[in-house]
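One structure is given below, encoded as structure tokens.
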Amino acid sequence: KAGVTQTPRYLIKTRGQQVTLSCSPISGHRSVSWYQQTPGQGLQFLFEYFSETQRNKGNFPGRFSGRQFSNSRSEMNVSTLELGDSALYLCASRGVAENTEAFFGQGTRLTVV
Amino acid sequence: SQQGEEDPQALSIQEGENATMNCSYKTSINNLQWYRQNSGRGLVHLILIRSNEREKHSGRLRVTLDTSKKSSSLLITASRAADTASYFCATFGNQFYFGTGTSLTVIP
């Protein structure tokens with residue numbers, strides 16, 4: 001069974017640009033959640049999608065948005081990039097049942113210059 | 001924001017010794033999960049313990065959960081150099097909250 005796949009692995013963007021990150025969950029998993037990891041703030045929850053609907057949202061500005069497709073693949077978009085958006089972005093997929101493990105991808109390392 | 005804190009923040013031990021990390025959290029949970037992260041890479045799932053469980057084992061890992069104290073511990077027995085990583089606890093209520101992590105260094 002393939003794991004969670006995130007693309008691209010590395011990105012360098014300029015301030016003011018926008019970026020789209022992709023996450024393909026484990027086959028059969030319908031929940032995809034996104035996290036930002038920085039040295040200063042640790043792992044912060046961005047949002048979770050389930051069956052193409054945003055189910056939960058963390059405390060991030062509206063520049064951070066996401067969506068989920070019918071095949072459960074998810075994308076995260078960050079508009080008007082700021083230097084502080086430089087981080088490792090991780091996505092995780094989970095099965096339908098409540099008490100199931102969340103499996104993470106390798107992450108996308110975004111650097112904003 | 002994180003709802004959990006881990007203790008200690010950093011731990012350095014000799015190979016073969018046991019390593020214990022503690023995690024405290026703030027709200028009620030459905031389950032608590034432990035993850036390992038090697039040097040800025042993705043998180044590897046280690047173990048899930050449900051809120052109605054008190055202890056769980058997986059290989060060299062032993063996890064305890066005390067919901068009355070809102071705390072959990074992860075014990076790694078007979079540590080190896082390959083166990084060097086950061087370890088995070090994550091609690092799941094209606095979303096995941098991660099602890100601050102413990103950086104474990106196992107010296108060969």
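The values are calculated or read from the model by the stated rules, or taken from the named source; none is laboratory data. All figures in this text were calculated on a predicted structure; none of them were measured in a lab. Ideal geometry is used to build each Cβ from the backbone, glycine not excepted, and the neighbour counts take in all protein chains shown.
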- Scanning the stretch A:101-113 for residues that are more than 7 Å from chain B (Cβ to nearest Cβ) and of a type in the set (S, T, N, Q), which turns out surrounded by the fewest Cβ atoms within 10 Å (Cβ to Cβ)? A:T111
- List the number of the failed condition for B:S73; all other conditions in (1) touching a strand residue (DSSP E or B) at 6+ places or on another chain (Cβ under 8 Å); (2) not in a strand (DSSP E or B) hold. (2)
- Candidates B:G16, B:G40 - the one that is part of a loop (DSSP other than H, G, I, E, B), loosely packed, with under 13 Cβ neighbours inside 10 Å, at positive phi and without any contact (Cβ under 8 Å) to a residue 12 or more places away in the chain: B:G40
- Query: Can you tell which of B:L74, B:L65 is under 10 Å from the mean Cα position of the chain (by Cα), over 30 Å from A:T111 (Cα atoms) and not β-branched (V, I, T)?
  - Reply: B:L74
- Task: Taking the options B:Q9, B:Q37, B:Q95, B:Q33, name whichever one is in contact with a His (Cβ under 8 Å, 6 or more places away or on another chain) and not basic (K, R).
- Result: B:Q33
- Note on the structure: Within the stretch B:19-37, of all residues that are part of a loop (DSSP other than H, G, I, E, B) and among the polar types (S, T, N, Q), the one surrounded by the most Cβ atoms within 10 Å (Cβ to Cβ) is B:N30
- Among the residues of the stretch A:24-48, the number that are surrounded by 12 or more Cβ atoms within 10 Å (Cβ to Cβ) and farther than 22 Å from B:W34 by Cα is 1
- Message: Kindly evaluate B:I49 against the criterion of being touching a residue at least 60 places away in the same chain (Cβ under 8 Å), more than 23 Å from A:G40 (Cα to Cα) and part of a strand (DSSP E or B).
- Response: no
- Name the residues in the stretch A:74-100 that are buried (at least 17 other Cβ atoms within 10 Å of the Cβ) and of a type outside the set (S, T, Y), would you? A:E75, A:M76, A:V78, A:L81, A:D85, A:A87, A:L88, A:L90, A:C91, A:A92, A:R94
- Task: Kindly indicate whether A:S79 is within 14 Å of chain B (Cβ to nearest Cβ) and in contact (Cβ under 8 Å) with a residue 60 or more places away in the chain.
- Result: no
- Qualifying positions in the stretch B:40-66 - over 18 Å from A:E101 (Cα atoms) and more than 11 Å from chain A (Cβ to nearest Cβ): B:R60, B:D66
- Task: Taking the options A:F60, A:F47, name whichever one is assigned to a strand (DSSP E or B), of a type in the set (A, V, I, L, M, F, W, C) and within 14 Å of another protein chain (Cβ to nearest Cβ).
- Result: A:F47
- Pick from A:Q17, A:Q68: which is in contact with a strand residue (DSSP E or B) (Cβ under 6 Å, 6 or more places away or on another chain) and at pLDDT 95 or above? A:Q68
